[in-house]
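This report refers to the structure that appears directly beneath it.
The values are calculated or read from the model by the stated rules, or taken from the named source; none is laboratory data. Since this is a predicted model, take the numbers as computed values, not measurements. Please note: Cβ atoms are built from the backbone with ideal geometry, for glycine as well, and neighbour counts cover all protein chains shown. Ligands, DNA and RNA are excluded from the accessible area calculation, which covers all protein heavy atoms including side chains. Shrake-Rupley method; radii C 1.70, N 1.55, O 1.52, S 1.80 Å.
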Amino acid sequence: MIDVLRIPAVALIVLGLFFMIVGPLGLIRFPDFYTRAHATGKCDSLGEALILLGFILYADFGLETVKIALLIVFIYILTPTATHAIIRTAYVLGLRPWRPGEGRR
Amino acid sequence: MTDIFTISGAVLIFTIFLCLYRVVVGPGACNRLIAVNTIGTKTIILLVIIGYIYGRPIFLDIALAYALINFIATLAMAKYYEKGCIC
């Protein structure tokens with residue numbers, strides 16, 4: 001039973017690692033602060049949720065399952081909130097959004 | 001099965017170094033702040049992976065505490081750069 005569940009567990013972990021690689025790639029490549037926040041805020045939430053879901057499928061049912069599910073709920077609430085707070089800070093400080101044709105900032 | 005955990009940890013450390021580029025180079029405080037937040041959220045997954053590699057479930061509690069501490073620290077730094085004080 002557990003051996004059957006390990007195949008989707010590994011698939012979910014690999015899919016989550018793909019999103020975890022794509023997020024910092026956008027953090028390096030994008031030209032503006034707001035686009036960088038757009039890249040990392042969503043890729044991190046989705047990638048972490050997928051990896052932790054794979055860990056839930058890998059382990060036996062018990063206290064660890066409840067803890068990892070709680071971790072997924074925390075991440076889905078806390079990471080977008082922190083990103084929103086940082087973007088609001090940048091907006092208050094007066095960073096202008098990037099327009100097409102401008103250089104990298 | 002431990003091999004996929006080790007490979008996942010290595011890939012995560014590589015992505016942490018990618019984020020560290022933005023922390024060192026990035027112009028202004030906001031770019032550095034969002035890169036530090038990204039590093040913190042990757043560290044949570046790294047803690048869970050370390051707990052599975054060594055077979056110690058106590059690392060999950062550390063990961064839970066680290067998630068909350070990372071959120072509070074990011075929020076406090078954002079508030080400080082916005083207003084000049086934590087209030």
Item to check | Residue within the range B:32-40 that is part of a helix (DSSP H, G or I) and more than 14 Å from the chain's Cα centre (by Cα) present | outcome: no
Checklist entry - Quick check, is B:L68 farther than 15 Å from A:H84 by Cα, facing another protein chain (nearest Cβ under 8 Å) and surrounded by fewer than 17 Cβ atoms within 10 Å (Cβ to Cβ)? => result yes
Checklist entry - Quick check: is even one residue across the range B:12-31 of a type outside the set (D, E), open to solvent by less than 80 Å² (accessible area, probe 1.4 Å) and not in a helix (DSSP H, G or I)? => result yes
